[in-house]
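**Q** Take this structure first; my questions come after.
Nothing in this text is a laboratory measurement; each read-out follows from the coordinates by a stated rule. Given the structure is predicted, the values throughout are model-derived calculations rather than measurements. With ideal geometry, Cβ positions are generated from the backbone for all residues, glycine too; neighbour counts draw on all protein chains shown.
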Amino acid sequence: MSFLGNAGYLARRAAQKERVRILYRRALKDTLNWAVHRHLFYQDASELREKFDANKHVEDLDTIDKLIDEAEAHFEKWRHPDPYIVPWAPGGSKFTRNPPPPSGIEIVYDYGKEEAEA
């Protein structure tokens, strides 16, 4: 294999590894949305890991691309319809619940500090 061919192979493998890593993290986080209790999540996470490890030995680049595409399509099909969002994160129930006051409004926090009348 020439240097350019080897570099192309390595770049494609690196891109595939990144896609698999991202897909695994997304699927694992989505598993938390489906699991009601932690012991159910651990079981589902273990099954998910086994599915990923089952194809760890595949070396053909085209087969790997096909497997990744199938897994991404499967993930999109079975993604949770109402995922958990941290309340203060964008999309959460508390996001911008107490926004800062508009400019021009001054809030003075001097409770109980009445000015001395002279």
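**Q** Find how much the distance from Arg49 to Ala11 grows on full extension, using 0.36 nm per residue of separation minus their present alpha carbon separation; answer in nm with one decimal.
**A** Stretched out fully, the Arg49 to Ala11 stretch lengthens by 11.2 nm.
**Q** I've got another one for you. Give me D for the chain in µm² s⁻¹, whole number, from Stokes-Einstein with Rh from the Kirkwood sum over alpha-carbon pairs, 20 °C and 1.002 mPa s.
**A** Estimated via Stokes-Einstein, D reaches 112 µm²/s.
**Q** State which stretch of the chain is the longest one without any exposed GluC sites (Glu not before Pro), exposure meaning a DSSP loop state and at most 13 other Cβ atoms within 10 Å.
**A** Segment 1-58 is the longest.
**Q** What FRET efficiency do you get for Phe95 and Trp34 if R0 is 25 Å and r is their Cβ-Cβ distance, rounded to the nearest 0.05?
**A** 0.60
**Q** Could you tell me what a quarter of the Cα convex hull surface of the range 1-56 works out to, in nm² with one decimal place?
**A** 4.2
**Q** Now for a different question. At 0.36 nm per residue, minus the direct Cα-Cα distance, what do Glu70 and Tyr24 gain on full extension? Give it in nm, one decimal, please.
**A** Fully extending the segment from Glu70 to Tyr24 adds 15.2 nm.
**Q** Looking at this model, which pairs from Lys66/Lys94; Lys17/Lys77; Lys56/Lys77 are more than 32 angstrom apart at the alpha-carbon?
**A** Lys66/Lys94
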